[in-house]
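Undergrad: Here it is, the structure, as structure tokens.
The values are calculated or read from the model by the stated rules, or taken from the named source; none is laboratory data. No experiment lies behind these values; they were computed from the predicted model shown. Every residue, glycine among them, receives a Cβ derived from its backbone with ideal geometry; neighbour counts consider all protein chains shown. To get the accessible areas, we keep the full protein, side chains included, count just its heavy atoms, and leave off ligands, DNA and RNA. Shrake-Rupley method; radii C 1.70, N 1.55, O 1.52, S 1.80 Å.
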Amino acid sequence: MSFGNSSQQEMMNEINVTPLVDVMLVLLVVFIVTAPLLSQSLQVKLPKTVSVAGRMDTKQQVLIIDAQGKISLENTSLGDEALARQLAESAAKKDSFELHIHADEAVPYGRVAQIMAIAQHAGVSKLSFMTIAGH
């Protein structure tokens, strides 16, 4: 009684690597195709501002920015240069100084960033953005 041919047993002991190579080639092609897509990002043009190290100060003043981008400090309308002078004086006189910014929601981000840069350049290091709490 013979249970099998010896040549058939030898063929069963070998590993067929062809399907493994096929799968690896498919994975390689997938990675080659998707790798450039992972490195793409959105191009955003951010506003340019002057970067200056600030100092620690805290007496509260309110700065209002209306929808047109006009500014008023403590209910007095000011231009950018006058705002810079006023903030520099206030920050220098007070041991602690804090600026509360009330910006209209329609104000462009770039305008708010400009005002933040003016405040930072004037020596204001504490800024607070005031909002209305929603439901």
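Undergrad: Provide the solvent-accessible area of F31, counting protein heavy atoms only and rolling a 1.4 Å probe, rounded to the nearest 10 Å².
TA: 140
Undergrad: May I ask you to list the aspartates and glutamates whose Cα is less than 19 Å away from that of K59, ignoring any residue fewer than eight positions away on the same chain?
TA: E74, E89, D95, E98
Undergrad: In addition: Go through M24, M116 and list them by solvent-accessible area, largest first, probe radius 1.4 Å.
TA: The residues order as M24, M116, largest area first.
Undergrad: Using only the heavy atoms of the protein chains and a 1.4 Å probe, how would H102, H121 rank by accessible area, largest first?
TA: Sorted by accessible area, descending: H121, H102.
Undergrad: To the nearest 10 square angstrom, how much accessible area does E14 have with a 1.4 angstrom probe?
TA: 140
Undergrad: Lys and Arg at +1, Asp and Glu at -1: add these up for the other residues within a Cβ distance under 13 Å of I115 and post the number.
TA: In short, -2.
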